[in-house]
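The values are calculated or read from the model by the stated rules, or taken from the named source; none is laboratory data. None of these values were measured; they are calculated from a predicted model. Backbone-built Cβ (ideal geometry, glycine too); neighbour counts: all protein chains shown.
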Amino acid sequence: MKSIDKTAYCGIYCPDCIHYQNEYSKLAGALKNHLLEIGLDKYAKTKSPFGAQFNKYDEFENVLTALAETKCDKPCRTGGGCSGVPCEIMDCCLSKDYEGCWECSDVDGCDKFTFLEPRCGQMPKNNIHKIKKLGLDDGIEQRDNFYIWQK
Ligand code: SF4
Ligand code: SF4
């Protein structure tokens, strides 16, 4: 697969993403099915002084479902967005017929990246600037770390 296929419109390199071809979704899906099969949901949701640690089972189920459903078998560009859902950045690039935001002259002023910033900081925009300067292959080769805790 070429660099462009693995590089999202926003400058993210999908193989670095925690959701990309992950193992946890399969494990979470299997655990979810197993717990339903044995009726652990009914056990946990029946209030009792015995087993009170299950009182927040609904929240656990929501997280387990999120884990099961956030796998990306394909990268953004060929998979149709994050877990198959297009974001505002992808829509914007497609509407302008851009290969990616590196074709845009207003990257620094663009506010569509805010939802990525808590976990990724300025990584997407930094990658875009590297692609602008070095071209796609070399720019993505020199990409930033994906998550802020990987610095
Ligand atoms: S499409 Fe989004 S969620 Fe999926 S691997 Fe790429 S960046 Fe991650
Ligand atoms: S305005 Fe430019 S930088 Fe912002 S999402 Fe659209 S193409 Fe990307």
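Residues in segment 62-98 that are acidic (D, E) and in contact (Cβ under 8 Å) with a residue 24 or more places away in the chain were compared, and the one that is farthest from ligand 1 (Cβ to nearest atom) is E88.
Check every one of the helices (runs of 4 or more DSSP H) wholly within segment 76-133 and list those with 2 or more residues that are over 13 Å from I12 (Cα atoms). Quick ask: steps written out before the conclusion?
Values: elements: 76-79, 88-96, 117-120.
Counting at least 2 such residues, we get 76-79, 88-96.
Figure legend. Inter-residue proximity from segment 99-117: first residues of a type in the set (D, E, K, R), second residues within 16 Å of ligand 1 (Cβ to nearest atom) and modelled with pLDDT of 95 or more, beta-carbon distance below 6 Å, spacing 6+ or different chains. Indicated pairs: K112/E88; K112/I89.
Number of residues in segment 88-111 that are of a type in the set (G, A, S) and under 19 Å from the mean Cα position of the chain (by Cα): the value is 1.
Of the residues making up segment 75-104, those that are farther than 20 Å from Q21 by Cβ and among the charged types (D, E, K, R) are E88, D91, K96, D97, E99, E103. In this structure, does A44 turn out to be in contact with a Phe, Trp or Tyr (Cβ under 6 Å, 6 or more places away or on another chain), assigned to a helix (DSSP H, G or I) and more than 21 Å from I148 (Cβ to Cβ)? Yes, satisfied. Taking the criterion of being among the aromatic types (F, W, Y) and either within 30 Å of C101 (Cβ to Cβ) or in contact with a Pro (Cβ under 8 Å, 6 or more places away or on another chain) (or both), the residues of segment 9-45 that qualify are Y9, Y13, Y20, Y24.
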